[in-house]
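To keep things clear, I will list the structure first and then write my remarks on it.
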Amino acid sequence: MRLKPTLPAAICSLVFWLSAPAMALPEDSSQPIQIGADSASMNDNTGVTVYRGNVEIEQGSMKIRGDQVELYRSADGDVDRIVSIGRPAEFEQKPNADDPVTHAYGLRMEYRVNRQEITITQEARVEQGKDTFSGQRIVYNMDKAIVNAFSSESGDQRVKMVIQPKQAGDNP
């Protein structure tokens, strides 16, 4: 199934993310990764570890939760990719000290660590403060502050966005 982006979705995504830089807190990447789960299975040959049951991963302000999380390591042993599956899978991170925490939800999430890119699929939703953004698939590049949202091919799930008006005294 190929999903088609729409121009209004691209324009809305730009407006949605202009209010907050997409970079994570600088200290997040230097923090250890902490993982809790009901069970884990590690394959040293493939570099893949599968965690099951109430999985919680934390690194600084970043948190990933899911029913099952697969952690992929590169040849040099660094975490390269994290795939979270849940009802829903969840991601949260504080983009900047002055900004609200960004929350993302979907039935499946794939976080490409080196690219700083999260792909959320199936019932994808992103919330920042009181603003929300949803679609069949959302691709969020944290470093470049680029969000692309896609509706379902059948059109039964369109991209939707709710942007709250700025209140007096809010940061620009």
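With the checklist (1) within 30 Å of ASN43 (Cα to Cα); (2) of a type outside the set (A, V, I, L, M, F, W, C); (3) in contact (Cβ under 8 Å) with a residue 40 or more places away in the chain in hand, flag the one item GLY135 doesn't pass. GLY135 satisfies all of (1) within 30 Å of ASN43 (Cα to Cα); (2) of a type outside the set (A, V, I, L, M, F, W, C); (3) in contact (Cβ under 8 Å) with a residue 40 or more places away in the chain except (1). Just one of the listed residues (GLU110, GLU92, GLU70) is surrounded by 15 or more Cβ atoms within 10 Å (Cβ to Cβ), over 25 Å from LYS166 (Cβ atoms) and touching a residue at least 24 places away in the same chain (Cβ under 8 Å), namely GLU110. Listed by first and then second residue, the pairs with beta-carbon distance under 6 Å, at least 6 apart or on different chains, first residue in the stretch 42-65 and among the aromatic types (Phe, Trp, Tyr), second crowded, with 17+ Cβ neighbours inside 10 Å, are TYR51/ALA37; TYR51/VAL69.
Residues being more than 19 Å from GLU92 (Cα to Cα) and in contact with a Phe, Trp or Tyr (Cβ under 8 Å, 6 or more places away or on another chain): count how many of those fall in the stretch 137-161. So the answer is 2. Scan the stretch 75-84 and tell me whether some residue there is polar (S, T, N, Q), surrounded by 20 or more Cβ atoms within 10 Å (Cβ to Cβ) and touching a residue at least 60 places away in the same chain (Cβ under 8 Å). Looking for residues that are polar (S, T, N, Q), surrounded by 20 or more Cβ atoms within 10 Å (Cβ to Cβ) and touching a residue at least 60 places away in the same chain (Cβ under 8 Å), one finds none in the stretch 75-84, hence no.
Computed from the coordinates by the stated procedures, all read-outs in this text should not be read as laboratory data. Computed from a prediction, not measured in an experiment: that's the story for all the values here. So basically every Cβ, Gly included, is an ideal-geometry build from the backbone, and we count neighbours across all protein chains shown.
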